[in-house]
Structure formats: C-alpha cells, structure tokens
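Report on the structure given below.
The values are calculated or read from the model by the stated rules, or taken from the named source; none is laboratory data. Just so you know, these numbers come straight off a predicted model, no measurement behind them. Glycine gets a Cβ as well: all are built from the backbone with ideal geometry, and neighbour counts include every protein chain shown.
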Amino acid sequence: MKRGYLVPHPPLIVPGVGNGDEIPDTRRAYEQIAAEIEKINPETVVIISPHSILYGDYFHISPGKSAKGDFGAFGVKNIKFSVSYDEEFAGIIGDLAHEAGLPAGPLGERDPALDHGVTVPLYFVKTRRIVRISLSGFPVIDHYRLGMCITQAGERLGRNFVIIASGDMSHKLKKSPYGFAAEGPEFDNLARLRIENGDIRGLVEISPALCEKAAECGFKSIVMLAGAFDGYKINTKVLSYEGTFGVGYLTASFEEAGGGESLLPLLLADRNEKIKTIRSREDEYVRLARTSVEHFTRTGKRLKCPGGLPAGLLNNRSGVFVSIKKDGNLRGCIGTTAPTENCIAEEIIANGISAASRDPRFDPIQEDEFDCLTYSVDVLSPAEPINGKEELDVNRYGVIVRCGRRSGLLLPALDGVDTVEDQIAIALKKAGINNDEPYTLERFEVIRHK
C-alpha cells in the first residue's frame with residue numbers, strides 16, 4: 001500500500017540551527033511521520049525537493065550512486081548526511097517520463113550536495129537509500145504526470161517505497177523579510193482545505209497566478225505527490241499547520257485506499273475547457289498573434305497580413321509585446337518598445353514569431369503545444385523619461401531602465417510584481433545593471449489584449 005507525506009523544510013527545526021522547538025506542531029508531525037515510515041521500512045524513499053537543481057524544461061533526477069549534505073550553510077557543520085541513490089529506480093522513472101514526453105533524468109548536475117529540501121526531512125526520516133527528484137518550469141499538469149511515472153516505476157520493480165514531497169507553503173503570511181500579500185493566507189487556506197477534503201482535482205487546479213503571488217515553494221511538490229496516487233482512491237489527512245514566522249508549514253499524509261479511476265483525463269478535459277473559453281474571448285489582436293505563431297511553427301514562414309483586419313491594426317504604428325503562456329506559466333515573451341514594422345498588425349506578426357521561437361529562456365514552441373497555449377498582446381504608448389520611482393505605478397505604467405547601452409523593460413500589471421521597487425529591480429536584473437550603477441527611468445502605458 002502506497003504512502004506519501006507532505007513536509008516543510010525549515011532548517012530552524014534542527015537543533016543548532018534553531019532551538020528545535022520554534023514550530024512544535026510541525027516537529028511533532030515530523031516525528032509521527034518518521035515513526036510511520038520506520039514501521040513501513042521502505043526499501044527506498046523518493047524525495048521531491050524544490051531546492052535541488054531546477055531547469056525550465058527538464059526534471060532532474062538523482063544522478064550517480066550517492067550524495068552527501070549537511071547544514072553548513074545554516075551554521076551547523078557537525079550534522080552530516082550520506083545516502084545511497086537507488087539508481088535502478090531513478091533510471092526507470094526517467095525512462096517512463098521520456099515515454100510520456102517528459103524530459104527527465106540525471107543530466108546537468110552542478111552541485112552534488114544535498115539541499116535542505118532533502119536534508120531537513122532526512123534529519124527525521126532514517127532510510128537506506130533515496131531517489132531525489134527536482135521540480136521544473138513545466139506546467140503543473142506535467143508534475144502530476146511525473147508523479148504517475150514514480151508509481152509506475154516502483155510497481156514495475158516491485159519496490160516498497162514511500163514518497164516525501166518537501167515544500168513550504170506561502171512565504172507572505174505576515175509582515176516579515178518576505179513581505180505580506182493577501183494571496184498568502186488565501187493560498188495556504190485553499191491548499192490545506194483541499195488536501196483535508198481529499199479534493200485532488202481542486203488542488204491541482206489552483207491557479208498559477210495565486211501560487212506566484214503567495215510566493216510558495218511547495219505546490220508542484222504536492223501535485224507530483226498527488227500524481228503518484230493517480231488511479232487510486234486516497235485517504236488524506238492534514239497533520240499540522242503553522243505560520244509562526246510568516247511562512248506556512250503544512251504536514252499531511254496521503255494513503256492509498258483501494259482502486260479507483262485515473263483523474264488525469266478529467267484534469268486534461270478541464271484544461272481544454274479553460275482554453276476553449278479563453279479562445280472564445282480572443283479579440284483581433286490576440287487572434288492574430290496566435291495565428292502568426294501557429295503558421296510559422298507549421299511552415300517556417302511568416303504569415304502575410306490577413307485581410308479584413310480593423311483599421312486600428314492597419315493604420316497605426318506602435319511597439320508591441322506578445323506574451324505566450326502554457327497552462328498559466330510563461331512560455332515566451334518578446335516585444336519592441338517602438339515600432340519597427342509598417343503597422344501594428346505586422347508588429348504583432350513579427351513579435352509573435354519571436355516570442356515563439358527566439359526567446360532565449362525557452363525552446364521554440366512545437367505544434368503539439370498549440371492546444372495548451374494562451375496569448376496576450378500589449379500595445380505600448382511612446383516611453384517618456386521620468387525623474388524617479390515616485391512617478392511610477394506598478395499597475396498603470398511599465399518601466400524601462402537604461403545605463404549606457406544596457407536597458408531592461410518590464411510591463412505593468414504582472415502577476416507577482418506588486419511594488420514599484422520590485423518592478424525596477426526586475427528590470428535592472430534583466431538589463432544586467434547593478435543597483436549602485438547610475439541609471440535612468442522611463443515609463444510607458446499599454447493597452448492589453450488577452
């Protein structure tokens with residue numbers, strides 16, 4: 001019978017880093033989980049960590065034979081961990097993931113040391129060997145599908161295993177170094193309630209925008225854990241929840257409770273229905289961006305400006321940004337701050353192609369992704385210089401920072417960007433400009449089509 005656990009990873013729960021009793025309910029829950037796992041005596045513990053190496057387009061799975069870790073980064077060097085990796089288990093998970101179209105495996109390890117998303121659980125849970133799995137930039141539904149691969153691999157091997165999903169909840173529950181956001185308590189309450197009620201469908205469908213504003217680091221871990229129980233009935237139980245320091249610490253147990261039906265078809269149908277609704281609301285700007293991307297991806301050629309477009313698209317010129325998302329996660333965004341084409345329509349066509357194929361953060365969009373993509377088009381007003389941040393409004397104005405030939409731009413009203421200071425900091429980072437370098441500010445307004 002499969003068992004899985006959601007646990008947080010606050011280093012202060014470890015004596016020496018903290019007193020060990022700052023979050024007593026969490027500690028008691030950890031001790032309960034450790035006792036249950038000791039009774040199960042699994043051959044392997046699969047640990048999902050949000051703090052291991054993270055790639056936008058790859059699930060990293062523990063490489064090699066073993067790994068070590070400690071709490072040296074938190075001032076404690078005498079607590080050390082040395083674990084063996086279950087290479088066979090890890091290899092089959094990777095194979096099954098590739099069969100499912102999910103790039104995954106042991107490539108790209110930069111730092112072999114175990115991160116605290118792994119070592120904090122290992123402080124309590126004693127085990128002979130582990131498989132460590134990282135999160136990725138892939139959509140939530142793909143993390144659910146990788147969870148399915150974990151169980152399929154374990155069943156293929158006949159392995160007695162337990163899954164630990166390591167992850168903290170919102171980091172914005174109260175005024176703290178992370179700041180406060182109303183979405184923090186909202187996210188934690190919603191996730192906790194849906195786990196408590198065993199509402200996995202509702203859990204998986206929590207919006208990426210809410211997750212981002214809540215500044216959580218555990219949601220995809222939870223979803224991967226839930227995916228490991230796909231096709232089974234589940235008993236779920238919340239064991240503890242604390243938010244003492246402005247960060248949510250949630251522990252919960254997942255237990256197989258007999259056979260059931262796969263939830264994946266319903267999750268995919270829900271996604272398709274959302275996309276269908278969004279497509280029904282597209283205006284000419286967004287429809288043109290989507291058509292441009294699909295035409296270029298299929299043919300490798302630029303779309304000719306179609307007939308019948310509104311005069312505003314054909315008679316005006318402006319800078320334009322085209323943003324593409326996949327299941328709520330950014331998939332590409334490229335734009336121009338000033339017009340480079342004969343009209344807005346041609347600007348959309350050109351920047352749609354660039355967003356789909358030339359954004360250096362992502363691989364080019366493929367045809368099999370079309371049904372998962374949504375688009376937005378921002379038409380920019382001319383930028384104007386300003387004297388300081390007091391002339392900005394994060395919801396009304398975009399910002400451009402300049403220092404010599406370097407410049408960075410950030411659009412207004414973006415999810416997760418709540419203050420002017422955040423807006424400027426991100427734009428500076430994009431430009432490669434340090435905070436102590438002299439830079440100028442410009443602002444612009446946009447008309448957003450989505």
Determine whether ALA34 is among the small types (Gly, Ala, Ser), under 18 Å from ARG128 (Cα atoms) and assigned by TED's automatic domain parsing to the domain that holds VAL120. yes
Taking segment 185-227 and keeping residues at pLDDT 95 or above, under 26 Å from HIS116 (Cα atoms) and touching a Lys or Arg at 6+ places or on another chain (Cβ under 7 Å) leaves LEU203, GLY227
Those residues of segment 200-233 which are under 14 Å from LEU264 (Cβ atoms) and outside any helix (DSSP H, G or I) amount to GLU205, ALA228, PHE229, ASP230, GLY231, TYR232
Within segment 341-361, the count of residues that are of a type in the set (A, V, I, L, M, F, W, C) and touching a Cys at 6+ places or on another chain (Cβ under 9 Å) comes to 4
Q. So is ILE365 outside any helix (DSSP H, G or I) and of a type in the set (A, V, I, L, M) or not?
A. yes
Of the candidates ILE365, ILE348, ILE353, the one satisfying the condition of being surrounded by 19 or more Cβ atoms within 10 Å (Cβ to Cβ), in contact with a helix residue (DSSP H, G or I) (Cβ under 9 Å, 6 or more places away or on another chain), assigned by TED's automatic domain parsing to the domain that holds PRO306 and within 16 Å of ARG448 (Cα to Cα) is ILE348
So, first residue in the same structural domain as PHE219 (by TED's automatic domain parsing) and free of Cβ contacts under 8 Å to residues at least 40 places away in the same chain in segment 185-208, second residue of a type in the set (Lys, Arg) and crowded, with 16+ Cβ neighbours inside 10 Å, Cβ within less than 6 Å, six or more apart or across chains; the pairs are GLY202/ARG194; LEU203/ARG194
Over segment 245-265, the set of residues part of a helix (DSSP H, G or I) and surrounded by 14 or more Cβ atoms within 10 Å (Cβ to Cβ) is LEU264
A careful count of residues in segment 384-415 that are part of a strand (DSSP E or B) and within 18 Å of ASN434 (Cβ to Cβ) gives 10
When (1) assigned to a helix (DSSP H, G or I); (2) within 28 Å of PRO208 (Cα to Cα); (3) touching a His at 6+ places or on another chain (Cβ under 9 Å) are applied to ILE141, the one that fails is (3)
- Query: Does LEU173 meet the test of being in a loop (DSSP other than H, G, I, E, B) and assigned by TED's automatic domain parsing to the domain that holds LEU146?
  - Reply: yes
Within segment 149-167, the count of residues that are in contact with a Leu (Cβ under 9 Å, 6 or more places away or on another chain) and surrounded by fewer than 24 Cβ atoms within 10 Å (Cβ to Cβ) comes to 2
Check segment 315-325 and report whether any residue there is part of a helix (DSSP H, G or I) and over 27 Å from LYS430 (Cβ atoms).
-> yes
Within segment 200-226, the count of residues that are hydrophobic (A, V, I, L, M, F, W, C) and farther than 21 Å from ARG145 by Cβ comes to 4
